[in-house]
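Structure first, then comments.
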Amino acid sequence: MDFQYNPKTQALRARLQDFMDRLVLPHHREWHDLAERGVHPTQLIDDLKALAKDEGLWNLFLPALCEDEPGTRLSNIEYAPLAETMGRLYWASEVFNCSAPDTGNMELLHLVATPEQRVKYLLPLLDGTMRSAFAMTEPDVASSDATDIQTTIRPSGIGYVVNGRKWFTTGAMHPHCRFVIVMGVSDDGEDRAAHQRHSMLLVPLDTPGVRILRNLPIMHHLSVDGHCEVLFRDVHVGPEALLGESGAGFKLAQARLGPGRIHHCMRTIGQCELALDLMGERALERRAFGKRLADQANIRDWIAESRIEIDQARLLVLRAADRIDREGNRAARVDVSAIKVLAGRLQTRVLDRAMQVFGAMGLTSDTPLALLWTWGRALRFADGPDEVHLGVVAKAELARIQQATGSNAMHYTPPHEPVQG
């Protein structure tokens, strides 16, 4: 078993780190100042995008790029360490056109877009001139069970009409966001199974009846891109808005989220590495009770535990990425659920330790620690809550044990796999 990244990945990782150090990190204060004033740093990002594209650090996440599409064709195992590098600076992924929710939306469009949808939506996304959003989660139902979705997609004339309310629709307030992929109930009859009643539509944000109600704060922090509550009231779209087949919404959601969870987890590992670096620097320079914090036994334990846990998590995430590359999303579903649970818990643990070492400063915006802790806590809900992913892992374990022992006593039917966006 070889734990080294291949030469191609190592070279790209070095180029990416150089770009981050040379061109992205020096603008962090400017980005932060603009965002704190509620001004989207659009021009700053667009300028950096142009430089990233020129240097061949573009669309690194998508293995299935066609010859006429801009980007670098990387497998998930090749892209994973690059996502880790980007993740150290929480806004950097957009510079390389590798930020959610666009990555998942591009993967979906690559999978099922019609030629017209490809030209109208996919190519501008791949070029970085357009942003998008994904509307699945709803405020009035338990999002852990997506069969409860209440937003309706009904035939109307030659097209469809959408009615419903979504929230945590990330990116809907970005100045370049032009459309949202909406998941809703398209068949309320009893002739279809519960997971064959939903469809997805491509809805332009300027369609009459689409209204952004508010930008939801995450643990009292407002994202400059927005985590939005969006109302769809009698929204009419044509037949060309249907993404894939009617009734295939759950299947598409599963296809969209597998690789996306790899990206989230590797960015989390990058942020944990940053927190560990900051924790170590603080422990070496800060003195209390006559000696360095680094000489306190409990703080040395925190540093060691963080190092061990980060390395464990990275290996598990890379195994999941490798399985997706070799066997596909479906075969890797248990691995992906496992890392999804692991990543959020890892981030909150490591960031909590780092904040404690920094003392009261760790609670302020003088360091990125409090914000990164917040995102780690949010990850325990995003893309499906921990409890549902634990159910997926438990199902696989019970099936393995039942098969190994030949037991007929177990007849366990777990809930459907998570497809929350």
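Observations on the model:
- Residue tally, condition touching a residue at least 60 places away in the same chain (Cβ under 8 Å) and part of a helix (DSSP H, G or I), over the range 361-379: 8
- Tally, over the range 278-296, of residues that are among the aliphatic types (A, V, I, L, M), over 19 Å from Ser306 (Cα atoms) and in contact with a helix residue (DSSP H, G or I) (Cβ under 8 Å, 6 or more places away or on another chain): 0
- Taking the numbered list (1) under 30 Å from Glu397 (Cα atoms); (2) surrounded by 15 or more Cβ atoms within 10 Å (Cβ to Cβ) in turn, Leu276 passes all entries but (1).
- No other residue among Phe232, Phe250 is within 18 Å of the chain's Cα centre (by Cα), of a type in the set (Phe, Trp, Tyr) and either surrounded by 13 or more Cβ atoms within 10 Å (Cβ to Cβ) or at pLDDT 95 or above (or both) apart from Phe250.
- Among residues of the range 6-38 being over 19 Å from Trp91 (Cβ atoms) and more than 23 Å from the chain's Cα centre (by Cα), the one that is surrounded by the fewest Cβ atoms within 10 Å (Cβ to Cβ) is Pro7.
- Thr364 of a type in the set (S, T, N, Q), more than 21 Å from Val393 (Cβ to Cβ) and buried (at least 16 other Cβ atoms within 10 Å of the Cβ): no
- The single residue among Arg353, Arg330, Arg314, Arg345 that is under 30 Å from Phe3 (Cα atoms) and modelled with pLDDT under 95 turns out to be Arg330.
- Of all residues making up the range 1-31, the number that are touching a residue at least 60 places away in the same chain (Cβ under 8 Å) and not in a loop (DSSP other than H, G, I, E, B): 11
- Arg178, sole failed condition from (1) outside the structural domain of Ala64 (by TED's automatic domain parsing); (2) under 30 Å from His389 (Cβ atoms); (3) of a type in the set (Lys, Arg): (2)
- Looking only at the range 306-342, and only at residues there that are touching a residue at least 40 places away in the same chain (Cβ under 8 Å) and either in contact with a strand residue (DSSP E or B) (Cβ under 9 Å, 6 or more places away or on another chain) or acidic (Asp, Glu) (or both), the one that is farthest from Leu276 (Cα to Cα): Asp325
- Listed by position, the helices (runs of 4 or more DSSP H) inside the range 47-149 whose residues that are within 25 Å of Cys228 (Cα to Cα) and more than 16 Å from the chain's Cα centre (by Cα) number at least 2 are 123-127.
- So Val357, is it buried (at least 18 other Cβ atoms within 10 Å of the Cβ), of a type in the set (A, V, I, L, M, F, W, C) and touching a Cys at 6+ places or on another chain (Cβ under 6 Å): no
- Put simply, of Ala396, Ala382 the only residue that is surrounded by 14 or more Cβ atoms within 10 Å (Cβ to Cβ), among the small types (Gly, Ala, Ser) and not in a helix (DSSP H, G or I) is Ala382.
- Qualifying positions in the range 373-394 - over 27 Å from Arg353 (Cα atoms) and out of contact with any Ser or Thr (no Cβ under 9 Å at 6 or more places or on another chain): Ala394
- For the range 146-196, the tally of residues that are surrounded by 15 or more Cβ atoms within 10 Å (Cβ to Cβ) and among the charged types (D, E, K, R) stands at 4.
The values are calculated or read from the model by the stated rules, or taken from the named source; none is laboratory data. Since we're looking at a predicted model, the values are computed, not measured. All Cβ positions, glycine included, derive from the backbone under ideal geometry; neighbour counts span all protein chains shown.
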